[in-house]
1. Can you tell which of Asn120, Asn116 is among the polar types (S, T, N, Q) and either open to solvent by 30 Å² or more (accessible area, probe 1.4 Å) or without any contact (Cβ under 8 Å) to a residue 12 or more places away in the chain (or both)?
2. Just one of the numbered conditions (1) among the aliphatic types (A, V, I, L, M); (2) under 22 Å from Pro66 (Cβ atoms); (3) more than 13 Å from the chain's Cα centre (by Cα); (4) open to solvent by 70 Å² or more (accessible area, probe 1.4 Å) is not true of Ala109; which one?
3. Residues that are over 16 Å from Leu65 (Cα atoms): which strands (runs of 3 or more DSSP E) entirely in the range 131-197 hold 1 or more of them?
4. Taking into account only those residues within the range 162-194 that are out of contact with any helix residue (DSSP H, G or I) (no Cβ under 9 Å at 6 or more places or on another chain) and under 18 Å from Gly74 (Cα atoms), which is least open to solvent (accessible area, probe 1.4 Å)?
5. Being surrounded by fewer than 18 Cβ atoms within 10 Å (Cβ to Cβ), touching a residue at least 60 places away in the same chain (Cβ under 8 Å) and of a type outside the set (A, V, I, L, M, F, W, C) is the filter here, so list the residues in the range 130-161 that pass it.
6. Among the residues that make up the range 150-159, is at least one of them in contact with a Ser or Thr (Cβ under 6 Å, 6 or more places away or on another chain), over 30 Å from Lys46 (Cα atoms) and among the acidic types (Asp, Glu)?
7. Given the condition exposed (fewer than 15 other Cβ atoms within 10 Å of the Cβ), closer than 30 Å to Ser186 by Cβ and aliphatic (A, V, I, L, M), answer yes or no: does some residue in the range 46-63 qualify?
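The values are calculated or read from the model by the stated rules, or taken from the named source; none is laboratory data. Everything numeric here is computed off the predicted structure, so don't read it as measured data. Here the Cβ positions follow ideal geometry from the backbone for every residue, glycine too, while neighbour counts run over all protein chains shown. For accessibility, only protein heavy atoms count, side chains too; no ligands or nucleic acids. Shrake-Rupley method; radii C 1.70, N 1.55, O 1.52, S 1.80 Å.
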Amino acid sequence: MRIVAIAAVTAAVMAGVAGALAGCGSSASPPDAIGPCWPDTVGPAKGTATLGTGRAAFEDMPDMLPLEYGAQAGFDLVANVRMSGLDPGDPASIISPTNPRTRIRAFFADTNIPLNYDANCPFREAYVPSATGDYQMAMGVAIVFEICWRSDRLIGQRIRVDLELEDDTNGYTSDSKTVTAAAPSSPYPIDQDSPGCMH
């Protein structure tokens with residue numbers, strides 16, 4: 001399972017390597033190699049992106065989205081993205097500074113409380129051509145919740161999933177979907193009276 005929290009750290013490290021290879025101070029050096037992992041001010045609007053789900057290929061986001069119970073002993077949801085009008089990057093190179101930055105975060109829709117509290121940074125990954133003539137992620141990603149969010153706090157709740165996407169020209173687009181969390185299809189612990197996460 002690819003975990004976004006880990007992927008974000010890995011992507012930042014690899015992006016730093018790419019910046020070093022491109023030369024210190026080079027305009028090709030990605031922003032997260034020389035400053036905050038996500039800028040306070042985003043770039044100009046460019047292209048479109050659609051947030052969906054699906055591990056092997058992009059699927060439209062359903063109203064009811066089954067969660068997964070993962071190896072981290074917690075829950076996640078699977079996200080995928082389809083986009084057009086932005087630089088898709090280089091699928092042959094995971095360290096290419098042209099690979100766009102994708103940030104996906106999840107919140108309780110009614111309270112805006114984050115489910116992946118520490119997921120402030122994007123992951124950097126190229127997009128691949130899709131059957132519809134645009135681009136999509138090569139595989140879906142798991143948006144991993146903090147393990148203090150247990151089944152009694154999640155299943156049946158409305159969750160807002162926010163996508164932000166920025167390419168190597170600083171072109172920016174976003175999308176947001178609200179789903180109702182459904183029970184995983186595989187076994188998971190049924191919790192009761194869990195306290196939830198405290199920050």
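1. Asn120
2. (4)
3. Working: elements: 135-137, 141-144, 158-166, 172-182.
Correct list: 135-137, 158-166, 172-182.
4. Within the range 162-194, the first condition is being out of contact with any helix residue (DSSP H, G or I) (no Cβ under 9 Å at 6 or more places or on another chain), and the residues that meet it are 162-165, 167-169, 171-180, 182, 185-187.
Next, from what is left, pick out any that are under 18 Å from Gly74 (Cα atoms): 180, 182, 185-187.
On the way: Thr180: 37, Ala182: 18, Ser185: 124, Ser186: 53, Pro187: 118 Å².
Applying the filter and picking the extreme gives Ala182.
5. Residue satisfying the conditions is Ser130 alone.
6. Looking for residues that are in contact with a Ser or Thr (Cβ under 6 Å, 6 or more places away or on another chain), over 30 Å from Lys46 (Cα atoms) and among the acidic types (Asp, Glu), one finds at least one in the range 150-159, hence yes.
7. Checked against the condition, which is being exposed (fewer than 15 other Cβ atoms within 10 Å of the Cβ), closer than 30 Å to Ser186 by Cβ and aliphatic (A, V, I, L, M), the range 46-63 yields at least one hit.
Table: residues versus (1) in contact with a His (Cβ under 7 Å, 6 or more places away or on another chain); (2) modelled with pLDDT of 95 or more; (3) aliphatic (A, V, I, L, M); (4) not in a strand (DSSP E or B).
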site: Thr50; (1), (2), (3), (4): no, yes, no, no
site: Val78; (1), (2), (3), (4): no, yes, yes, no
site: Met83; (1), (2), (3), (4): no, yes, yes, no
site: Ile95; (1), (2), (3), (4): no, no, yes, yes
site: Phe107; (1), (2), (3), (4): no, yes, no, no
